[in-house]
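**Q** Before I ask anything, let me first share the structure, which is written out below as structure tokens.
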Amino acid sequence: MSREATKPVFSEKIDDWLLGFYNAFEFVKLVFKEAFSGDFEFNEFVRQCYHIGLRSLPLISLTGFVTGFVFTKQSRPSLMEFGATSWLPSLVTIAIVRALAPLVTSLICSGKIGSGIGAELGSMKVTEQIDAMEVSAVNPIRYLVVTRVLASTITIPILSFYCALVALAGCFLNVAVNEGTNLFAFFEKGFDSIIFLDVITAVIKAVSFGFTIGMIGCYKGFNASNGTQGVGKAANSSVVLSMFLIFIEEIFIVQVTNWFR
Amino acid sequence: MEKTIEIKDLYKSFGSLDVLLGVNLDVYENENVVVLGRSGTGKSVLIKIIAGLLSPDLGQVKVFGQSVPDLDKKELNALRLKIGFSFQNSALYDSMTVRENLEFPLVRNIKNMTRAEIDKAVEEVIDGVGLKKTLDQMPSELSGGQRKRIGIARTLIMNPKIMLYDEPTAGLDPITCQEINELMNEVKERYRTSSIIITHDLTCAKETGDRVAVLFDGKFKYQGTFEEVFSNADPRIRSFYDYNFIESKLQD
């Protein structure tokens with residue numbers, strides 16, 4: 001009753017890539033189906049929000065502050081040439097709200113959270129903990145995946161908002177020291193230059209980046225194989241793939257929202 | 001006696017690797033069947049098919065008269081509540097304490113249980129495996145034998161009618177092996193379970209098996225009591241016996 005090995009339709013690599021794409025699509029479909037059926041694992045969701053959100057705060061604080069501070073410092077000489085340093089708050093606020101805050105937060109989180117989810121689920125997969133869940137009639141997609149994807153989709157926009165605030169604080173510190181701008185004037189100039197669409201774009205970006213990080217981490221973890229080597233590979237590929245997709249999404253969302261400007 | 005598991009002409013391959021090539025096996029109520037065979041012969045694949053973790057390529061797998069591959073998810077989960085699966089590496093959830101591990105299937109499958117009822121069920125199974133002191137420990141703090149016992153306790157909390165043991169004594173010292181063998185016999189008597197015990201430990205097979213089935217070349221070539229199977233002149237059976245005999249002598 002031996003089955004003949006199927007011949008590749010294109011080349012083995014393209015076949016594998018297409019199969020991977022199909023499997024990922026099926027996985028996302030399954031997660032959506034499970035998210036809207038059965039009981040929601042609220043306690044696990046809260047635990048994940050704590051792990052993803054609260055425990056990322058120190059790293060986001062540091063990165064956000066440095067981004068705002070350095071970006072302001074680097075932009076000053078160019079604006080100085082035109083005698084336009086008073087535009088610094090506007091320039092930096094636009095850059096932070098529109099692009100930097102969601103992007104920096106998501107890249108940091110794809111390294112910290114994406115790899116963590118990939119490694120955790122990958123290790124559960126190779127040690128048969130996911131099988132153990134399944135044979136005890138507990139749905140592992142609902143318990144492990146839905147909670148993590150939802151937690152990252154919700155917490156990453158909140159972290160992005162926080163990152164924007166900290167980055168603006170870094171910018172303000174630099175501007176206050178160099179130009180003597182006070183806090184009220186800084187925020188007046190900064191927020192006068194952003195419009196509602198900027199905020200909406202930032203929220204859309206952060207939500208889609210958060211969803212991507214959670215989903216890719218879970219997908220890679222769930223498909224880990226070959227022992228500890230597979231766990232490392234799952235963690236690594238979670239980061240690489242989610243970062244790649246974040247940049248693709250960034251381009252796509254910017255293009256689409258620019259049509260409405 | 002009634003059949004609890006019926007396997008007929010079961011085939012399973014992974015790509016070009018043929019693993020099971022027409023397996024036939026019946027397991028009866030309150031019977032322990034030991035499946036022996038060399039590593040990589042498909043013993044674990046067989047019990048994973050019974051638990052619905054893998055699907056067969058061909059053949060019939062019935063548990064309590066229900067064809068496992070034909071069940072939808074809801075029916076399969078209902079059937080799984082009657083099946084306990086003890087994994088080779090115990091598969092304890094390593095981010096949870098022993099207590100949380102034991103409660104995990106219970107609170108998710110039986111709704112509206114009070115805290116007192118959950119605690120009572122946990123205490124009952126943990127007492128059964130004699131590890132009450134470990135309740136608040138993490139799995140990483142337990143020894144190999146303790147992990148096996150907790151793994152078995154986690155399945156017993158759902159009061160299963162069938163137990164599937166995957167290499168229950170692998171990697172354990174002879175004394176702990178003996179304790180696990182005794183525990184499996186106790187489970188059979190106390191919970192009136194039918195079991196399939198996957199092993200290549202002949203002491204385990206002799207002490208726990210009402211019947212022994214030996215998997216060679218993807219099929220059960222020999223089935224019977226331990227004495228019947230090992231009185232066979234097949235050199236492959238003899239070499240299996242001799243190897244285990246030497247190994248147990250070395251351990252002594």
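Taken together, the values in this text are just the output of simple stated rules run on the coordinates, not laboratory data. Treat the numbers as computed from the prediction; the structure is a model and nothing was measured. In this analysis, Cβ positions are derived from the backbone assuming ideal geometry, glycine residues included, and neighbour counts consider all displayed protein chains.
**Q** Expressed as an acute angle from 0 to 90° and rounded to the nearest 10, what is the orientation of the C-alpha long axis of helix B:115-128 relative to the principal long axis of chain B?
**A** Result, in degrees: 40.
**Q** Could you calculate the FRET efficiency of B:E124 with B:N185 from 1/(1 + (r/R0)^6), where r is the beta carbon distance between them and R0 is 22 Å, rounded to 0.05?
**A** 0.75
**Q** Add +1 for every Lys or Arg and -1 for every Asp or Glu among the other residues with Cβ under 11 Å from the Cβ of B:K43, and state the total.
**A** Around B:K43, the charge tally is 0.
**Q** Net charge around A:G170, counting only other residues with Cβ within less than 14 Å of its Cβ (Lys, Arg = +1; Asp, Glu = -1)?
**A** Here the charged neighbours net out to +2.
**Q** Work out the mean other chain Cβ neighbour count within 10 Å for the residues of B:44-56 and drop it here as an integer.
**A** Other-chain Cβ atoms within 10 Å of each residue's Cβ, averaged: 1.
**Q** Gaussian network model of chain A, Cα springs within a sub-10 Å range: biggest mean-square fluctuation belongs to which of A:D16, A:D131, A:D39?
**A** A:D16
**Q** Which ordering of A:F184, A:F32, A:F222 is given by a fewest-first count of other beta-carbon atoms within 10 Å?
**A** Least crowded to most crowded, the residues run A:F184, A:F32, A:F222.
**Q** Could you list the residues of the stretch B:19-55 with an amide nitrogen less than 19 Å from a label point located 7 Å from the Cα of B:D217 in the Cα-to-C-beta direction?
**A** B:19-25, B:36-43
**Q** Compute the Kirkwood hydrodynamic radius of the stretch B:1-118, taking the inverse of the mean of 1/r over all pairs of distinct Cα atoms, and give it in Å to one decimal.
**A** Its Kirkwood hydrodynamic radius stands at 16.3 Å.
**Q** For A:F191, what charge total do you get from the other residues with a beta carbon under 14 Å from its beta carbon, if Lys and Arg give +1 and Asp and Glu give -1?
**A** -1
**Q** Take peptide B:89-95, look around each residue's Cβ out to 10 angstrom, count Cβ atoms belonging to other protein chains, and average those counts.
**A** 5
**Q** Go ahead and set up a Gaussian network model of chain A, Cα springs under 10 Å, then flag whichever of A:F21, A:F65, A:F244 fluctuates most.
**A** Result: A:F21 has the largest fluctuation of those listed.
**Q** Let me ask something else about it. Once you wrap a convex hull around the alpha carbon atoms of chain A, what is its projected area averaged over all directions, in nm²?
**A** Projected area, direction-averaged: 18.7 nm².
**Q** Could I have the simple spin-label model distance between A:R76 and B:L71, label points 7 Å from Cα toward Cβ, reported in nm to one decimal?
**A** Using points 7 Å along Cα→Cβ, the separation is 7.0 nm.
**Q** Would you mind giving the mean number of other chain beta-carbons within 10 Å of the Cβ of each residue in B:98-104, as a whole number?
**A** Neighbouring Cβ atoms belonging to other protein chains average 1 per residue here.
**Q** Taking every pair of distinct Cα atoms and averaging 1/r, then inverting, what Kirkwood hydrodynamic radius in Å comes out for the stretch A:1-136?
**A** Roughly 20.0 Å, rounded to one decimal.
**Q** I need the calculated FRET efficiency for the pair A:W17 and A:A99, taking r as the beta carbon distance and R₀ as 30 Å, to the nearest 0.05.
**A** The calculated FRET efficiency here is 0.50.
**Q** Mind putting together the pair-distance distribution for chain B? All Cα pairs, 5 Å bins, whole percent per bin, short to long.
**A** Pair shares across the bins are 1, 6, 13, 17, 19, 17, 13, 8, 4, 1, 0, 0.
**Q** What distance in nm separates the simple spin-label points at A:I200 and B:Y28, each placed 7 Å from Cα in the Cβ direction?
**A** 7.4 nm
**Q** What spacing in nm lies between the two simple spin-label points modelled at A:L59 and B:M138, each 7 Å away from Cα in the Cβ direction?
**A** 1.9 nm
**Q** When chain B is modelled as a GNM with alpha-carbon springs shorter than 10 Å, which of B:K43, B:K206, B:K73 fluctuates the most?
**A** Result: B:K73 has the largest fluctuation of those listed.
**Q** I need B:R147, B:R38 ordered by Cβ neighbour count within 10 Å, fewest first.
**A** B:R38, B:R147
**Q** Between the helical axis of B:174-191 and the dominant principal axis of chain B, each derived from Cα atoms, what acute angle in degrees is found, rounded to the nearest 10?
**A** 70 degrees
**Q** Could you state the orientation-averaged shadow area of the convex hull built on the Cα atoms of the protein assembly as shown, in nm² to one decimal?
**A** 31.0 nm²
**Q** Cα atoms only, the stretch A:199-261: Rg and Dmax in Å?
**A** 14.7, 51
**Q** Sticking with this structure for a sec: Highest first, please rank the peptides A:92-104, A:42-54 by the mean number of other Cβ atoms sitting within 10 Å of their residues.
**A** Descending packing order for the listed peptides: A:92-104, A:42-54.
**Q** Let me ask another. Working from Cα positions, state the angle (0 to 90°, nearest 10) between the long axis of helix A:12-35 and the longest principal axis of chain A.
**A** 80 degrees
**Q** Can I ask one more? Taking 25 Å as R0, compute the FRET efficiency from the Cβ-Cβ separation of B:I110 and B:A170 and round it to 0.05.
**A** Once rounded, the FRET efficiency stands at 0.20.
**Q** Pairs to check: B:K161/B:K188; B:K73/B:K161; B:K62/B:K188; B:K120/B:K148; B:K48/B:K82; A:K29/B:K12. Give those whose C-alpha atoms are more than 18 Å from each other in this structure.
**A** B:K73/B:K161; B:K62/B:K188; B:K120/B:K148; A:K29/B:K12
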